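Step one of this worksheet: look at the structure below.
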Amino acid sequence: MNFRLSDEHTMIRKLVRDFAKKEVEPTAAERDENERFEVEIFEKMAMLGLTGIPWPEKYGGIGSDYLAYCIAVEELSRVCASTGVTLSAHTSLASWPIYAFGTEKQKQQYLRPMAEGKKIGAYGLTESESGSDAASMKTTARINGNHYVLNGSKIFITNGGVADFYIVFALTDPKDKRSATAFIIEKDFPGFSIGKKERKLGIRSSPTTTIIFENCKVPVENVLGEVGKGFKIAMMTLDGGRNGIAAQAVGIAQGALDAAVAYSKERKQFGRAIVENQGISFKLADMATSIEAARLLTYQAAWLESTGQPYGKASAMSKLLAGDTAMKVTTEAVQVFGGYGYTKDYPVERYMRDAKITQIYEGTQEIQRLVIARMLTKD
Ligand code: COS
């Protein structure tokens, strides 16, 4: 067993950390306040190769692996969770299913420009009445000659409105919930439009919208994988996505701890720095320990995926532990800051708001437990 990161992983961590400090952190609070997505940040990530970390060079990627990708999401989220999830949804939710199930033509047409960062990707599964019960979707896809006609809508779409390509799931037989099929949708397809933009508690500079299909014409060659195999594609995509969210959660928690440690050394009460108070220093020790545990589980799941081993249970576990860790650590970070932590003068309130979503999206914590429990009994 070897817990050391390779030189390549260490180099990617340094690259992303420097980039995040210089290009992402300075505007993070303002973008959060104004719910402003900054496409230039995505373009700069593309120039560094971050938009295609795990994909082979022949598909426009840099030929690294899922651990490197998780490290990148972690380092971005350490300063800005919105930027972290932009990359996570783009890579795990939009690019991965094309890499795993796409034809060679689809990979060149869709995966390559996403890997190169010339296009942004998104994923649409959830509907207004189909959340945790993903199979109860209502969006339909009726075949009509050489194209499908999609009708329905998907909600809570990360990168909604800024993405060029959307991986979407629809029933080819409205009466059969086993007919879910995956489609690659271009934003300019007739009948596709962007609906409501959500106003959110956290990850506010990452746009979340509804996407709408009104007799949306989709060529048959844009079916991803086999007709009727969409639910499995959706589930397998989430297996990897969950580990991206675990990495985001680890990054958020680490960012909050960094801020709390720095503050506790500066802040004086009762004539000495508050870090010298055991009430504070023990809190910091607990925070650091929880983060390390969550990080190890996250890296392990990424390593399993990178080495071609089953990773669904591991990624559900990593998301469960890391999401809860992020919530707990950020709440404690606000506590370390006291009244100041509750204000927008310091970043910890943003971290706390951002942490909450990691317990909800890409499957709630309750769904992670269900996935883990089912696999335990299956094993
Ligand atoms: N990989 C491959 N196949 C999978 C799978 C996975 N991770 N999970 C389920 N499947 C397959 C099952 O093997 C089953 O196949 P068969 O019909 O051939 O037996 C099929 O998919 C249906 O699986 P299951 O019966 O478990 O489906 P359920 O309707 O009970 O749903 C949960 C399972 C709850 C796990 C699923 O609906 C889910 O993940 N919900 C949360 C959705 C989510 O995360 N939403 C967030 C969206 S992104 S913000």
**Report entry** Ranking by accessible area, most exposed first, for Met45, Met375 with a 1.4 Å probe
**Finding:** Met375, Met45
Query - Peptide ranges 285-298, 351-364 listed from the most packed, as the mean C-beta count within 10 angstrom indicates - result: 351-364, 285-298
Report summary line: The set of residues whose placed amide H lies less than 5 Å from the amide H of Leu224, leaving out same-chain residues fewer than 5 positions away, is Ala182, Phe183, Ile184
Requested in this report: Rank by packing, highest mean first: peptides 72-85, 270-283, 160-173, with packing defined as the count of other Cβ atoms within 10 Å averaged across residues.
Outcome: 72-85, 160-173, 270-283
Report summary line: Going residue by residue through segment 341-348, the Karplus relation 6.51 cos²θ - 1.76 cosθ + 1.60 with θ = phi - 60° gives ³J(HN,Hα) values, rounded to whole Hz and with x marking Gly or Pro, of x, 8, 9, 8, 6, 10, x, 5
Report task. May I have the pair-distance distribution P(r) for segment 209-282, computed from all Cα-Cα distances with 10 Å bins from 0 and rounded to whole percent? Result -> 14, 22, 20, 14, 13, 12, 6, 0
Report task. Please give the net charge around Met287, taking every other residue with its beta carbon less than 12 angstrom from that of Met287, where Lys and Arg add +1 and Asp and Glu add -1. Result -> -2
Report summary line: Output for segment 172-223: trypsin sites (Lys or Arg not before Pro) sitting in coil per DSSP, at most 10 other Cβ within 10 Å, listed by number, reads Lys175, Arg199
Query - Table column - 3J(HN,Hα) (Hz), segment 246-256, Karplus curve with 6.51, -1.76, 1.60, x for Gly and Pro - result: 4, 5, 4, 5, 4, x, 4, 4, 5, x, 5
**Report entry** Carbon + sulfur, % of accessible area of the chain - ligands and nucleic acids excluded, 1.4 Å
**Finding:** 55 percent
Query raised in the report: Once a ≥ b ≥ c are taken as the square roots of the eigenvalues of the Cα gyration tensor of segment 232-378, is the result rounded (a/c under 1.5), prolate (a/b larger than b/c) or oblate (a/b not larger than b/c)?
Result: prolate
Query raised in the report: Over all distinct Cα pairs, what is the inverse of the mean 1/r for segment 250-314, reported as the Kirkwood hydrodynamic radius in Å?
Result: 13.6 Å
Report summary line: Counting sequence-distant residues (5 or more places) and residues on other chains, those with an amide H built under 5 Å from that of Arg267 are Ile274
Query raised in the report: Based solely on its DSSP helices, what 222 nm [θ] is calculated for the chain when runs of n ≥ 4 H residues each add -39,500 (n - 2.57) and the sum is averaged over all residues, nearest 500 deg cm²/dmol?
Result: -15500 deg cm²/dmol
Report task. Using only the alpha carbons of the chain, determine the length spanned along each of the three principal axes and report them from longest to shortest in whole angstroms. Result -> 79, 45, 42
Query raised in the report: Could you give P(r) for segment 157-310, binned at 5 Å from zero, as whole percent values over all Cα-Cα pairs?
Result: 2, 8, 11, 12, 13, 13, 11, 9, 6, 5, 4, 3, 2, 1, 0
Query raised in the report: Which value, in Å², gives the accessible area per residue of the chain when a 1.4 Å probe is used on the protein heavy atoms?
Result: 44 Å²
Report summary line: Expressed in angstrom and rounded, the centroid-to-centroid distance over alpha carbons for segment 102-150 and segment 176-190 is 5 Å
Report task. In whole Hz, with x marking every Gly and Pro, tabulate ³J(HN,Hα) for segment 186-195 from phi via Karplus 6.51 cos²θ - 1.76 cosθ + 1.60, θ = phi - 60°. Result -> 8, 4, 8, 4, x, x, 9, 8, 9, x
Requested in this report: Whole number please: convex hull volume per residue, Cα atoms of segment 145-244, in Å³.
Outcome: 111 Å³
Query raised in the report: If you take all C-alpha pairs in segment 7-120, what percent of them are over 22 Å apart?
Result: 28 percent
Query raised in the report: Amide H of Phe156: which non-local residues (sequence gap of 5 or more, or other chain) have their own amide H closer than 5 Å, using H built in the peptide plane?
Result: Thr209, Thr210
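The values are calculated or read from the model by the stated rules, or taken from the named source; none is laboratory data. Since this is a predicted model, take the numbers as computed values, not measurements. Virtual Cβ from ideal backbone geometry, glycine too; neighbours counted across all protein chains shown. Surface areas here come from the heavy atoms of the whole protein model, side chains and all, with no ligands, DNA or RNA. Shrake-Rupley method; radii C 1.70, N 1.55, O 1.52, S 1.80 Å.
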